[in-house]
Amino acid sequence: MLTIALPKGRMAQDALQWLSRAGWPQPVPEDDRKLVISSLDGSLNYLLVKPMDVPIFVEQGAADMGIAGLDAIRERSSDVYEPLLLPFGYCRLSIAGPANRPRHPLRLDISPRVATKYPRLAEKYFREQGISAEYIYMNGSVELGPLVGLADLIVDIIQTGSTLKANNLIELYQIMPSQAALIVNRASYRLHAQRIQPLLAALQRILPD
């Protein structure tokens with residue numbers, strides 16, 4: 001039996017729709033609170049985990065495959081095989097700040113405090129800009145940072161920008177675009193190639209060019 005890790009939430013729904021179209025065995029409908037669900041034919045186990053944890057499950061071999069955002073994969077610096085990009089989960093990792101922030105280049109900020117759940121990617125970007133920043137790790141409600149004086153800037157995922165606008169924040173710089181990707185544990189890909197490769201081929205056939 002192969003195991004695939006899916007991120008909880010909207011991306012899991014999108015992933016299952018595409019996997020179903022590709023003919024992958026689907027999970028048996030069960031209690032929404034269950035975190036491990038088997039497919040009807042017993043050939044696949046689906047794990048429902050936090051989006052940022054999918055790369056860890058796959059890299060460490062707890063799952064043979066997974067679907068995760070490129071933002072999570074890069075933040076975790078995961079050593080996994082990335083055979084396919086998938087046409088959903090589009091967003092961008094960006095720096096945002098108060099709408100009334102002085103419009104000067106980022107490099108002129110002196111030791112800004114940055115609230116984020118992406119400390120690795122944030123530190124890399126600011127370092128490349130020659131900026132020494134203080135990073136405040138937050139796992140949710142990052143937008144609150146500048147509003148309550150906890151942080152000067154945030155680094156977070158942005159889709160429509162509506163949450164920023166509602167909290168009087170603006171997008172300043174884009175760090176990287178992101179979308180869903182299918183990832184495979186490197187050892188699993190070698191050991192279970194006869195089972196994994198047909199699944200990948202079936203999915204690739206239905207993806208847009």
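Here are a few things to note about the model shown:
- Residue count, the stretch 101-115 (criterion: part of a loop (DSSP other than H, G, I, E, B) and either within 16 Å of Q174 (Cβ to Cβ) or without any contact (Cβ under 8 Å) to a residue 60 or more places away in the chain (or both)): 8
- Any hit, the stretch 12-31, residues being among the β-branched types (V, I, T), more than 12 Å from L182 (Cβ to Cβ), within 21 Å of the chain's Cα centre (by Cα) and outside the structural domain of V155 (by TED's automatic domain parsing): no
- One residue from L164, L121, L150 being assigned to a loop (DSSP other than H, G, I, E, B) and surrounded by 13 or more Cβ atoms within 10 Å (Cβ to Cβ): L150
- Of the candidates A63, A68, the single residue that is more than 14 Å from the chain's Cα centre (by Cα) and within 12 Å of L6 (Cα to Cα) is A63.
- Any hit, the stretch 60-69, residues being crowded, with 19+ Cβ neighbours inside 10 Å, of a type outside the set (D, E) and part of a helix (DSSP H, G or I): no
- Yes/no for L93 being buried (at least 19 other Cβ atoms within 10 Å of the Cβ) and either among the hydrophobic types (A, V, I, L, M, F, W, C) or assigned to a strand (DSSP E or B) (or both): yes
- Any hit, the stretch 152-166, residues being more than 25 Å from G9 (Cα to Cα) and not assigned by TED's automatic domain parsing to the domain that holds D71: yes
- Taking (1) under 27 Å from S77 (Cα atoms); (2) assigned to a strand (DSSP E or B) in turn, I170 satisfies each apart from (1).
- Residues located in the stretch 25-37, provided they are closer than 17 Å to G66 by Cβ and either surrounded by fewer than 19 Cβ atoms within 10 Å (Cβ to Cβ) or basic (K, R) (or both): P25, Q26, L35, V36, I37
- Qualifying residue in the stretch 180-197 (condition: on the phi > 0 side of the Ramachandran plot and surrounded by 14 or more Cβ atoms within 10 Å (Cβ to Cβ)): no
The values are calculated or read from the model by the stated rules, or taken from the named source; none is laboratory data. The shown structure was predicted, so the numbers you read here are calculated from the model rather than taken from an experiment. A quick note on method: Cβ atoms are made from the backbone with ideal geometry, for glycine too, and the neighbour counts reach across all protein chains shown.
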